[in-house]
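J.: Can you keep this structure in mind? I'll have questions shortly.
The values are calculated or read from the model by the stated rules, or taken from the named source; none is laboratory data. In this text, all values refer to a predicted model and were calculated from it rather than measured experimentally. Positions of Cβ are backbone-derived with ideal geometry, glycine not excepted, and every protein chain shown enters the neighbour counts. Side chains are part of the model used for accessible areas, which takes the heavy atoms of the whole protein and leaves out ligands, DNA and RNA. Shrake-Rupley method; radii C 1.70, N 1.55, O 1.52, S 1.80 Å.
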Amino acid sequence: MKKIACFISICMIMSSLCFAQGKGKKEAEASTPFVPKVTTGAEIEFDIVTFDYGTLGAGEVKTGIFTFTNVGNKPLVLFDVIVSCDCTEVEWQKEPVMPGKKGTIKAVYTAKTAGVIAKQITVQSNAQTDRVRLQLKGNVKE
């Protein structure tokens, strides 16, 4: 009988210790602050990646601005900004964008034919995410 009582006591003590350790671990995990991923170079982050021109008439010209931030820790350089058709012209700053600073890409669309606008702009840079695809959308009415 003594052996059974001793065995039950040991089991209760062990389960109490395991429970206490598990609870402490979860509390420690819950109180650990979120640490963002650290970049080791330039990194580009756009405010929006799709610009909606809405409805345009044939021959109408509209401008859209894409704003981006260098969220990395080294200067960001845009090497090239490539459009998917000759109906869109782009302008971007050629000088480096310092960490924490913003830059813009201006997209000027000329509505040539009626239909849905579904164009792409590819941004190539020295960022860790070295290619970003932006979208232009809308509708051209006659």
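J.: Checking the conditions here, which among Val116, Val132 is open to solvent by 50 Å² or more (accessible area, probe 1.4 Å) and aliphatic (A, V, I, L, M)? Don't jump to the end; show me each part of the working.
T.: Working: Val132 fails: open to solvent by 50 Å² or more (accessible area, probe 1.4 Å).
Residue meeting the stated conditions: Val116.
J.: So, Gly138, is that one under 16 Å from Thr63 (Cβ atoms) and among the small types (Gly, Ala, Ser) or not? Break it down into steps so the answer makes sense when it comes.
T.: Details: under 16 Å from Thr63 (Cβ atoms): yes; among the small types (Gly, Ala, Ser): yes.
So Gly138 fits the description; yes.
Per-residue answers, yes or no, for (1) open to solvent by 100 Å² or more (accessible area, probe 1.4 Å); (2) over 30 Å from Pro99 (Cβ atoms); (3) at pLDDT below 95; (4) under 18 Å from the mean Cα position of the chain (by Cα):
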{"site": "Cys18", "(1), (2), (3), (4)": "no, yes, yes, no"}
{"site": "Gly24", "(1), (2), (3), (4)": "no, yes, yes, no"}
{"site": "Glu27", "(1), (2), (3), (4)": "yes, yes, yes, no"}
{"site": "Thr39", "(1), (2), (3), (4)": "no, no, yes, yes"}
{"site": "Val49", "(1), (2), (3), (4)": "no, no, no, yes"}
{"site": "Gly59", "(1), (2), (3), (4)": "no, yes, yes, no"}
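J.: Still on this structure, please answer the following. Mind checking which residues of region 63-96 are open to solvent by less than 30 Å² (accessible area, probe 1.4 Å), within 21 Å of the chain's Cα centre (by Cα) and among the β-branched types (Val, Ile, Thr)?
T.: Scanning region 63-96 gives Thr69, Val81.
J.: Return the residue satisfying two criteria in turn: it lies in region 97-122 and is of a type in the set (Val, Ile, Thr) and within 14 Å of Tyr53 (Cα to Cα), and of such residues it is farthest from the chain's Cα centre (by Cα). Give the steps one after another, and end with the answer.
T.: Filtering region 97-122 down to residues of a type in the set (Val, Ile, Thr) leaves 97, 104-105, 108, 110, 113, 116-117, 121-122.
Add one more test, that the residue is within 14 Å of Tyr53 (Cα to Cα), and what stays is 108, 110, 116-117.
Numbers: Val108: 24, Thr110: 28, Val116: 26, Ile117: 24 Å.
This residue is Thr110.
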